[in-house]
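J.: Below you will find the structure I want to go over with you.
The values are calculated or read from the model by the stated rules, or taken from the named source; none is laboratory data. Keep in mind that what you see is a predicted model, and the values were worked out from it rather than measured. We place every Cβ from the backbone using ideal geometry, glycine too, and count neighbours over all the protein chains shown.
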């Protein structure tokens, strides 16, 4: 098993199949540390910012005990030497940004929820990261690094030694510590430094006669270190994305595992020493054999430095397509939370070096069938970008995209937008690609037959038409649904062109402010053109009358039409919160408003068509019937709107069921399980979700009852009342939950553990007051109570964060 | 002594020389390094691809260990460049593969092997406690290996390579391990003393890294009257006539020469021996030098433009030869510093002869040789410093011992007698300065004032000792001193600086107005313009000669260093 703290959860992966076996939720905040129980290797301790330490049976995914410490826990250590206490890093009371290492005595109580208030401070002024503290051989000492200081505390002798390095940065050297690990069998501490050096400290129980040797290969900060189980090998990793293995602490003998894709963040060794895994900054885990061979990798959504391409849906696989590794395009399957494949677009070696200008992918467009893919890459230079437009053809046999045409410098300046003419029925001949550039023109590219007999392909792309408007910069382009009209925005103006003759048909303008987004309406609303401006206006023009139909005052960041319906989603960003509005162009009133969607700025959105239309009972979510809406925030978290209620998704994997599954099947437990399922079903049918907390409170009694062997149980009469009480649902909880609408935000985890996520329940305040949206008055139903819950999506199941 | 033919010869050290005792077991293969066991029972001899341990009493080889046997079909031979035999029966070998290996010679097994460098490990030294080893390599890096406990409180100890040092650009041919420092010398003509900070209790002179490029000896001598300079090289002497100018200029100007400096003659020493000391007489007619075995005296004949040297026949056979040579101020006699505290006085006879006049010896006897001499200008006194740091003053008129300067617990680095007052000025290697009045046989008042006041901290923390002292005939209060990095005019009439004032204040003084300058003046007037400074002397009242030896001059003559790939190049 491979255990990994991921947001509020602890994920259990199978090392052999890379599958997520279990997802253990229960913490109310970010999980900051997980450590195996040194006395029982089937158990796991986890600490969280919510101030609790949980002990899990990770084989079954059951929480055994919860210890409440009280303050934020930033890191957790369970050295073997400590009998019944664990060590955690907590913020020092009364001082900001000061942290201390404390030992917490875990009381041996009977219940599941225990208080652990017996706290004693071990070290003061430690680093907040878990990499800054390490426990030595058999827990005999603890080493902590911060800035240029190393502290070693010997528990038996109660001796604290402090060692400092010089702060002077000479010859590019930077002595700041970045991480520390201790040798498993010897008195040796290895520390990583900001300048890429690794120091091996010995004799550190002498205040003066300590000594260290230096290993230097990394050219930039050493992110993490790990000793092998027997201590003969030391693994180090950094931004070079190369894993270095040092033998016998000698600088001459070292092995490398290069090209791991992205900077290494953490290194972990398995307890038998056969495997090690590296965690990368782009949300990936690589499992590596002991002979330093790549074994397999676990990866979800790759975090790239900057999603420039936008969220694009591959029509063929329904996968989400966006920037992946540098220069690569990732195809991410939403259903399985896996990367389908990564297409190398730039096809250049990526070199990690600060200040080096890299080429990266900036624009992607698919043709309607998914047979053609257009990509734009540019180097990072601002003044003179090196532009390349590439057109890729999907090869059926190879099941992959093949480069068809490469156009160097398609525009003289940055390309701002690109789209294909989406015409399903007309076939390949009518395929047109339009690119708009900051060089004040838009260009139309068409396929031409290749006359050259030596050419391996029959068609290639070339420029057909160049259009411009008053020498304004072209910013956006969009084809109407039938492909007859092309709308191109030039700064403040939207121009509409006939796609057959390339005549300028009409122009629209809504000063002041440049056009930020444009799109055509679909299906019944295809006569409308929607545009959003910088100055916070959303305008709808009628193409038949060439007049403004309506406009609304809304600062629209994202404007996304649903390809399968007339609905258009607009995401606004106002006063540090994103709000979602869904409307049809033909009516100025939005059909759905979701305020306070999330705290982060939403940068991109995409409608992903559902495989089959979902049956949606609620009136409010009819617009989500055919496709699902996904958002990407600026912290690269992927979120979606869900129509299902919270409990519906919880039932299959709720904790109570997990308890039952682990039990031997007895008639009693079957009865109990049946009863509970029935109850849950009822709740859903009634639309009255059960208070989750109530069940959790009740569960220990039941669990205790089921766990305890029959011969030590008290008499049945004594247990009866507790048991019955636990199964009852209190009446006040029902009355409190008169919730009609329930919207859940599911946030796809874009990060495994590095991302800060707040899973706080966001309750929207009463929005009964009238909403004034420009000219349009939006009447919202009164007493609209919405409960917004942030839920993490798992691979196959949904689990509550609470 | 290990020989090229594979034999190891044992010599007995007897008073006055060494005496061959016997040959130890001879095996094939050149012997490249030797090390005695601390108890003198065994010798380990390193050769190519193997080393052997020889029992001294029986003379037999008791163990022969191939250092390379586990390397499959090694293409190159493995040269054991340095070896050490530790008291616990461990042999440490440093070889051309850059390895430092620890062997148990009785078992013949390899205990540990550390590859410290990709190039050859050339030298090795073990600390007295045998818990630390310093290794020099051909890349110029030195490495320290330490014997450290594996676990706290545990008995098991292991050698761990700890600190690397890179102070040399070329081969580190010799290393030494003092209790508090690592000392290394290399092909780049540098001697580096790297203190081990953890062994040093207080901050002081020992706590700083020291680098020495030039010997702390006078290598240049000057004939003031004839304006000649004699340069001493390792195997030859060069005699130069100084150029001159008739123009004058302001401070910092370079004046055109009316006569170019002239290389008069080059004198090669015979045999492979290095020249130990040399001197030219003030009148420029005599040149003397000494090697380890011979003392030579030459008469310089100037006939027009040509200069010829004629060897003075029948120089007295002095054994051992001179440690220091010094002509008297009137060039009539030569003082030869010799062993056991004795100074021979030779009378120089025209047209080219000499006579042994007298031998001055300290009355109490002395076991160390004299290494510094200072005759007075009036020919009345001679000060001689012997290796035990005692300064004896002799009266030359009656060839009698005059007095002893009170002993100071430090080596004398330079001394000179003032021409008018006959005060002896002494510079010690800890940078202290003393003035001793010879007629009065006591320290002068100024010297006592200096001692009570203490010298400036910046002066005391300087790196290199004063190597030459001379005086300004115009102003008797001026003493001219120099070391490798600075030239100092010590004005006894001015107040001494205290620690709060700037010691090197010449540049700031120049910017001050006249009145303010007066207040800022102090005794030390320091010039750092000439570096590295080998020699400085006053030719006459307004002419000073300074000899600079740019480091690049001999750096370019060094062989190419080992090629190393540097990251980022």
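J.: Taking the residues in region B:111-125 that are in a strand (DSSP E or B) and under 29 Å from the mean Cα position of the chain (by Cα) as candidates, determine which candidate is nearest to the other protein chains (Cβ to nearest Cβ).
T.: Taking region B:111-125 as the starting set, the residues that turn out to be in a strand (DSSP E or B) are B:111-115, B:121-125.
Among the residues that remain, those that are also under 29 Å from the mean Cα position of the chain (by Cα) are: B:121-125.
Values: B:121: 12, B:122: 17, B:123: 19, B:124: 18, B:125: 17 Å.
Only one residue fits best here, namely B:121.
J.: Looking only at region B:144-153, which residues are crowded, with 21+ Cβ neighbours inside 10 Å and more than 9 Å from chain A (Cβ to nearest Cβ)?
T.: Of everything in region B:144-153, just one residue is crowded, with 21+ Cβ neighbours inside 10 Å and more than 9 Å from chain A (Cβ to nearest Cβ), namely B:145.
J.: Output the number of residues of region B:277-297 satisfying the condition of being buried (at least 22 other Cβ atoms within 10 Å of the Cβ) and assigned to a strand (DSSP E or B).
T.: 11
J.: Also, quick follow-up: Need the failing condition index for residue A:515 against (1) surrounded by fewer than 21 Cβ atoms within 10 Å (Cβ to Cβ); (2) in contact (Cβ under 8 Å) with a residue 24 or more places away in the chain; (3) under 24 Å from residue A:629 (Cα atoms), just the number.
T.: Looking at each condition in turn, residue A:515 falls short on (1).
J.: Same structure, new question: What are the residues in region B:236-253 that are part of a loop (DSSP other than H, G, I, E, B) and either under 20 Å from the mean Cα position of the chain (by Cα) or modelled with pLDDT of 85 or more (or both), if any?
T.: Those that are part of a loop (DSSP other than H, G, I, E, B) and either under 20 Å from the mean Cα position of the chain (by Cα) or modelled with pLDDT of 85 or more (or both): B:242, B:243.
J.: Do we find that residue B:185 is part of a strand (DSSP E or B), touching a strand residue (DSSP E or B) at 6+ places or on another chain (Cβ under 9 Å) and farther than 28 Å from residue A:198 by Cβ in this structure?
T.: Yes.
J.: Within the group A:192, A:139, A:173, which residue is more than 9 Å from every other protein chain (Cβ to nearest Cβ) and either closer than 21 Å to residue A:255 by Cβ or in contact with a helix residue (DSSP H, G or I) (Cβ under 8 Å, 6 or more places away or on another chain) (or both)? Outline the logic, then answer.
T.: Values: A:139 fails: either closer than 21 Å to residue A:255 by Cβ or in contact with a helix residue (DSSP H, G or I) (Cβ under 8 Å, 6 or more places away or on another chain) (or both); A:173 fails: either closer than 21 Å to residue A:255 by Cβ or in contact with a helix residue (DSSP H, G or I) (Cβ under 8 Å, 6 or more places away or on another chain) (or both).
Only one candidate passes the filter, namely A:192.
J.: Check region A:252-271 and report whether any residue there is within 14 Å of another protein chain (Cβ to nearest Cβ) and either touching a residue at least 40 places away in the same chain (Cβ under 8 Å) or not in a loop (DSSP other than H, G, I, E, B) (or both).
T.: yes
Residue by residue, here is whether (1) buried (at least 20 other Cβ atoms within 10 Å of the Cβ); (2) under 24 Å from the mean Cα position of the chain (by Cα); (3) assigned by the TED database to the domain that holds residue A:73; (4) within 19 Å of residue A:131 (Cβ to Cβ) holds:
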site	(1), (2), (3), (4)
A:8	yes, yes, yes, no
A:22	yes, yes, yes, no
A:38	no, no, yes, no
A:42	no, no, yes, no
A:47	yes, yes, yes, yes
A:51	no, yes, yes, no
A:59	no, no, yes, no
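J.: Here's a follow-up. For residues that are surrounded by fewer than 21 Cβ atoms within 10 Å (Cβ to Cβ) and not in a strand (DSSP E or B), scanning just region A:209-220, find the one that is nearest to the other protein chains (Cβ to nearest Cβ).
T.: Filtering first and then ranking leaves A:209.
J.: Something else now. Can you tell me which of B:141, B:189 is in contact (Cβ under 8 Å) with a residue 24 or more places away in the chain and within 14 Å of another protein chain (Cβ to nearest Cβ)? Walk me through it before giving the result.
T.: Values: B:189 fails: within 14 Å of another protein chain (Cβ to nearest Cβ).
Of B:141, B:189, the one residue that is in contact (Cβ under 8 Å) with a residue 24 or more places away in the chain and within 14 Å of another protein chain (Cβ to nearest Cβ) is B:141.
J.: Of the residues in region A:239-251, how many are within 26 Å of the chain's Cα centre (by Cα) and either more than 14 Å from chain B (Cβ to nearest Cβ) or closer than 15 Å to residue A:287 by Cα (or both)?
T.: Of the residues in region A:239-251, 4 are within 26 Å of the chain's Cα centre (by Cα) and either more than 14 Å from chain B (Cβ to nearest Cβ) or closer than 15 Å to residue A:287 by Cα (or both).
J.: Picking from A:370, A:355, which residue would you name as being on the phi > 0 side of the Ramachandran plot and modelled with pLDDT of 80 or more?
T.: A:370 is the lone residue from the list that is on the phi > 0 side of the Ramachandran plot and modelled with pLDDT of 80 or more.
J.: If we keep just the residues of region B:154-186 that are exposed (fewer than 14 other Cβ atoms within 10 Å of the Cβ) and touching a residue at least 12 places away in the same chain (Cβ under 8 Å), which is nearest to residue B:137 (Cα to Cα)?
T.: Top of the filtered list is B:166.
J.: Inside region A:176-189, can you point out the residues that are within 10 Å of another protein chain (Cβ to nearest Cβ), in a loop (DSSP other than H, G, I, E, B) and touching a strand residue (DSSP E or B) at 6+ places or on another chain (Cβ under 6 Å)?
T.: The initial filter retains those residues of region A:176-189 that are within 10 Å of another protein chain (Cβ to nearest Cβ), namely A:183, A:185-188.
So of that shortlist, the ones also in a loop (DSSP other than H, G, I, E, B) come out as A:183, A:185-187.
Matches in region A:176-189: A:183 only.
J.: Counting only residues that are part of a loop (DSSP other than H, G, I, E, B) and away from chain B (no Cβ under 13 Å), which one in region A:142-158 is nearest to residue B:153 (Cα to Cα)?
T.: A:158
J.: The conditions are (1) outside any loop (DSSP other than H, G, I, E, B); (2) farther than 22 Å from residue A:254 by Cβ; (3) over 35 Å from the mean Cα position of the chain (by Cα), and residue B:91 fails exactly one of them. Which is it?
T.: Failing condition for residue B:91: (3).
J.: Would you say residue B:146 is free of Cβ contacts under 8 Å to residues at least 40 places away in the same chain and closer than 29 Å to residue B:546 by Cβ?
T.: Taking the combined requirement at face value, the residue does not satisfy it.
J.: Going through B:59, B:98, B:136, B:108 one at a time, which residue ends up being more than 13 Å from chain A (Cβ to nearest Cβ) and under 30 Å from residue B:194 (Cβ atoms)?
T.: B:136
J.: While we're looking at this one, here's another question. Just one of the numbered conditions (1) within 9 Å of chain B (Cβ to nearest Cβ); (2) surrounded by 19 or more Cβ atoms within 10 Å (Cβ to Cβ) is not true of residue A:206; which one?
T.: (2)
J.: Within region B:1-17, restricting attention to residues that are surrounded by fewer than 11 Cβ atoms within 10 Å (Cβ to Cβ) and over 21 Å from residue B:93 (Cα atoms), which residue is modelled with the lowest pLDDT?
T.: B:16
J.: Give the number of residues within region A:466-490 that are more than 18 Å from residue A:543 (Cα to Cα) and more than 34 Å from the chain's Cα centre (by Cα).
T.: Of the residues in region A:466-490, the ones more than 18 Å from residue A:543 (Cα to Cα) are A:466-475.
Then drop every residue that is not more than 34 Å from the chain's Cα centre (by Cα), which leaves A:466-473.
Residues flagged as more than 18 Å from residue A:543 (Cα to Cα) and more than 34 Å from the chain's Cα centre (by Cα) within region A:466-490 amount to 8.
J.: Looking at B:179, B:195, can you tell me which residue is modelled with pLDDT of 85 or more, within 14 Å of chain A (Cβ to nearest Cβ) and out of contact with any strand residue (DSSP E or B) (no Cβ under 8 Å at 6 or more places or on another chain)?
T.: Numbers: B:195 fails: out of contact with any strand residue (DSSP E or B) (no Cβ under 8 Å at 6 or more places or on another chain).
One residue alone meets the criteria, B:179.
J.: Please work out which residue is nearest to the other protein chains (Cβ to nearest Cβ), limiting yourself to region B:155-176 and to residues that are in a loop (DSSP other than H, G, I, E, B) and within 22 Å of residue B:113 (Cα to Cα).
T.: B:156
J.: Considering region B:106-138 alone, what residues qualify as being crowded, with 21+ Cβ neighbours inside 10 Å, at pLDDT below 90 and within 20 Å of residue B:43 (Cβ to Cβ)?
T.: The answer is none; no residue qualifies.
J.: Within the bounds of region B:203-223, is there any residue that is free of Cβ contacts under 8 Å to residues at least 40 places away in the same chain, farther than 26 Å from residue B:277 by Cα, within 14 Å of chain A (Cβ to nearest Cβ) and out of contact with any strand residue (DSSP E or B) (no Cβ under 6 Å at 6 or more places or on another chain)?
T.: Yes, some residue in region B:203-223 is free of Cβ contacts under 8 Å to residues at least 40 places away in the same chain, farther than 26 Å from residue B:277 by Cα, within 14 Å of chain A (Cβ to nearest Cβ) and out of contact with any strand residue (DSSP E or B) (no Cβ under 6 Å at 6 or more places or on another chain).
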